[in-house]
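Inspection log for the structure reproduced underneath, given as structure tokens.
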Amino acid sequence: MGFLSDVRDRWRRIGIFSIAANNYEPAKAYTASLSSEVARWRRERGIAIIAEYKRASPTGIIDLGLDIRDYYYQLQSYVAGFSVIVEREWFSGSPEYIGMLRRLGWSGPVLAKGFVFYKDQIDIYRNAGASSVLLIAEALDPVELRDLYVYSESLGLEPLVEVGSIGTLDTVMRTLSPRIVGVNSRDLETLEVSVNNMLGIIKYAKNEYPDLLIVAESGMKDLDDIWRARESGADACLIGTG
């Protein structure tokens with residue numbers, strides 16, 4: 001059994017009772033959607049950068065002392081949006097970091113990034129201040145994915161559907177027709193990274209769905225990687241802290 005299977009089985013077993021109480025006030029609407037900002041940055045600057053605040057991952061600790069205030073002040077002028085890891089157990093994340101970004105004054109897109117299986121999670125992330133939520137297609141069956149997608153939109157959150165294969169991409173486009181998708185270079189079962197596989201999916205997506213906005217996720221370490229993603233058809237790169 002791989003990592004994603006372990007995550008899915010754990011969520012199925014402990015269910016919604018593992019989710020922290022929703023102590024957040026209902027969020028105001030943020031007018032700048034992730035897709036609109038990605039499209040604008042792509043048009044004006046060639047590619048959009050989404051900065052991800054992440055202190056740990058299943059492969060190890062990155063920087064538990066990373067201060068989100070320092071992170072925000074260093075990057076706010078250079079990114080189209082922020083991604084915040086919300087998973088506590090595997091990533092030392094929290095929805096609270098979304099609220100911190102908002103209190104620091106960020107009014108642009110904020111993506112809540114984690115493993116979403118329940119509508120209650122989406123409620124929490126929205127009320128924390130998220131404007132977008134990650135939905136991992138490989139982690140959900142088609143009915144679950146559609147239900148969570150529609151529910152997110154009903155709350156004013158823009159779903160970013162993550163895919164890891166051409167087959168999954170085609171299914172998502174056929175059933176949901178999203179405006180924006182993410183392509184992950186990391187296999188969520190083995191946790192191995194293949195940037196070349198991601199670039200191949202991006203090239204296919206741009207050829208088959210030319211109006212689709214595409215976010216390249218994971219595995220990019222320098223400007224050369226970002227350039228390769230752009231040349232393959234990516235409209236944005238999600239760059240993590242590690």
What do you reckon, is GLY219 at pLDDT below 95, more than 24 Å from ARG40 (Cβ to Cβ) and part of a loop (DSSP other than H, G, I, E, B)? yes
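Suppose the filter is at pLDDT 95 or above and not acidic (Asp, Glu); does VAL193 pass it? Step through it out loud before you land on a result.
Values: at pLDDT 95 or above: no; not acidic (Asp, Glu): yes.
No.
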Checked against (1) over 25 Å from ALA236 (Cα atoms); (2) surrounded by 11 or more Cβ atoms within 10 Å (Cβ to Cβ); (3) at pLDDT 75 or above, SER5 satisfies every condition except (3)
Just wondering, is there one or more residues in the range 36-45 that are under 16 Å from ILE214 (Cα atoms), assigned to a loop (DSSP other than H, G, I, E, B) and at pLDDT 95 or above? no
Mind telling me which of the residues SER185, SER83 ends up being without any contact (Cβ under 8 Å) to a residue 60 or more places away in the chain, under 14 Å from the mean Cα position of the chain (by Cα), within 27 Å of LEU199 (Cα to Cα) and crowded, with 21+ Cβ neighbours inside 10 Å? SER185
I'm trying to understand the selection: among the residues of the range 204-237, which are of a type in the set (D, E, K, R) and surrounded by fewer than 16 Cβ atoms within 10 Å (Cβ to Cβ)? GLU208, ASP211, LYS221, ASP222, ASP224, GLU231
The lone exception for ASP170 - which of (1) of a type in the set (D, E, K, R); (2) at pLDDT 95 or above; (3) in contact with a strand residue (DSSP E or B) (Cβ under 8 Å, 6 or more places away or on another chain); (4) under 23 Å from ALA139 (Cα atoms) it fails: (3)
Among (1) in contact with a strand residue (DSSP E or B) (Cβ under 6 Å, 6 or more places away or on another chain); (2) touching a residue at least 60 places away in the same chain (Cβ under 8 Å), the one test that LEU191 misses: (1)
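Can you report the number of residues in the range 126-147 which are out of contact with any Lys or Arg (no Cβ under 7 Å at 6 or more places or on another chain) and either part of a helix (DSSP H, G or I) or surrounded by fewer than 16 Cβ atoms within 10 Å (Cβ to Cβ) (or both)?
So the first thing to find is which residues in the range 126-147 are out of contact with any Lys or Arg (no Cβ under 7 Å at 6 or more places or on another chain), and the list is 126-128, 130-133, 135-138, 140-147.
Going one step further and asking which of them are either part of a helix (DSSP H, G or I) or surrounded by fewer than 16 Cβ atoms within 10 Å (Cβ to Cβ) (or both), we end up with 126-128, 137-138, 141-147.
Qualifying residue count for the region: 12.
Among the residues of the range 154-180, which ones are among the polar types (S, T, N, Q) and surrounded by 18 or more Cβ atoms within 10 Å (Cβ to Cβ)?
Step one: of the range 154-180, the residues among the polar types (S, T, N, Q) are 154, 165, 168, 171, 175, 177.
Result: THR168, single match.
The values are calculated or read from the model by the stated rules, or taken from the named source; none is laboratory data. Please read all numbers here as calculations on a predicted model, not as lab measurements. Reconstructed Cβ throughout: ideal geometry from the backbone, glycine too, with neighbour counts over all protein chains shown.
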